[in-house]
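Down below is the structure, laid out as structure tokens.
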Amino acid sequence: MALLTCDLFSETLQRGTSMTVVLPQPTTEQIGVSGAVPDGPARVLYLLHGLSDDHTAWLRYTSIERYAAARGFAVVMPAVDRSFYANEAHGHAYWDFVSEELPQVVRRFLNVSHDPADTFVAGLSMGGYGALKHAVTFPERFAGVASLSGVTDILQLGARLERSEIVERVFDGTFGPQDDLFGLLEAVDPATAPRLYIGCGTGEDRLLPPNERFAEVARARGLDVTTDFRPGVHEWGLWDAQVQDVLDWMLG
């Protein structure tokens, strides 16, 4: 694999930002790493970080580079601060950046597939929310979407975090229809929706019940849903294990 750190200017954010990228690389002499290199442009996974993280977190706390190498994935990991992948009421338009400008930048800079059948998005916690928001807003863009310990019920979270810095700065103190995954899910056509992978630890993670409910509602709507509720809590050991199964599921 090739590892890139890309510092770029975003017209949407009107500021500099960064992304970490891993790309498949053909090798014959590298020891201890297996690689799968596609014949054409690589499948691409947009991998989204959580609330306390940045674009380096997946690389630092998991072996995503090695896992992607074995499966021939390009992985794009953008930085979005503590934005909940939203257009912040008092900040930057991170939703527009990630959903519109970032794919254009990736296509311009990198030799990856533009085919929705080869395009995936996944994330953990806040990034799980961002991934699922992509799935229910632009279902035609992705073959599969995975959320690990994701914030599926932001209205419930907002009630718990009432008047917090995030709710005030990002959402101006209240949530709209464009923020509610359950509401957005109602408008999705199951015939065109991507496959969903919903994972969460069954330990003391208060996000487990809303994840179970989101999976049930999505399945009742006719979407193809895979669930992965296994022992674990809200931490990187769980996500490092789960992301390997997510990549295999994406290839399935």
Problem - Near pairs, Cβ below 8 angstrom, 6+ apart or cross-chain, from segment 241-252 (closer than 19 Å to Gly35 by Cβ) to any residue that is surrounded by fewer than 17 Cβ atoms within 10 Å (Cβ to Cβ) and not hydroxyl-bearing (Ser, Thr, Tyr) - result: Met250/Ala143
Practice task
Sort through Tyr85, Tyr46 and tell me the only one that's assigned to a loop (DSSP other than H, G, I, E, B) and buried (at least 21 other Cβ atoms within 10 Å of the Cβ).
Solution key: Tyr85
Completion exercise
Considering residues that are assigned to a loop (DSSP other than H, G, I, E, B) and either buried (at least 17 other Cβ atoms within 10 Å of the Cβ) or at pLDDT below 95 (or both), the number found within segment 215-252 is 4
Practice task
Could you please give the count of residues in segment 24-43 that are in contact with a strand residue (DSSP E or B) (Cβ under 7 Å, 6 or more places away or on another chain) and either exposed (fewer than 10 other Cβ atoms within 10 Å of the Cβ) or closer than 13 Å to Ser113 by Cβ (or both)?
Solution key: 4
Exercise for the section: Examine segment 4-15 for a residue that is aromatic (Phe, Trp, Tyr) and under 17 Å from Phe120 (Cα atoms), and state whether such a residue exists. Expected result: no
Practice task
Give the residues of segment 96-135 that are in a helix (DSSP H, G or I), touching a residue at least 12 places away in the same chain (Cβ under 8 Å) and farther than 19 Å from Ala146 by Cβ, sorted by residue number.
Solution key: Asp96, Phe97, Glu100, Glu101, Val105, Phe109
Handout entry: Criterion (modelled with pLDDT of 95 or more and part of a helix (DSSP H, G or I)) met by exactly one of Glu212, Glu168
Key = Glu212
Problem - Output for segment 3-41, where each listed residue is part of a loop (DSSP other than H, G, I, E, B) and among the small types (Gly, Ala, Ser) - result: Gly32, Ser34, Gly35, Ala36, Gly40
Problem - Any chance Gln156 is more than 20 Å from Asp180 (Cα to Cα), part of a helix (DSSP H, G or I), free of Cβ contacts under 8 Å to residues at least 60 places away in the same chain and not aliphatic (A, V, I, L, M) - result: no
Practice task
Could you check Glu11 against (1) under 16 Å from the mean Cα position of the chain (by Cα); (2) surrounded by fewer than 19 Cβ atoms within 10 Å (Cβ to Cβ); (3) of a type outside the set (Ser, Thr, Tyr) and say which number it fails?
Solution key: (1)
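The values are calculated or read from the model by the stated rules, or taken from the named source; none is laboratory data. Everything quoted here is computed from the prediction, not taken from an experiment. Reconstructed Cβ throughout: ideal geometry from the backbone, glycine too, with neighbour counts over all protein chains shown.
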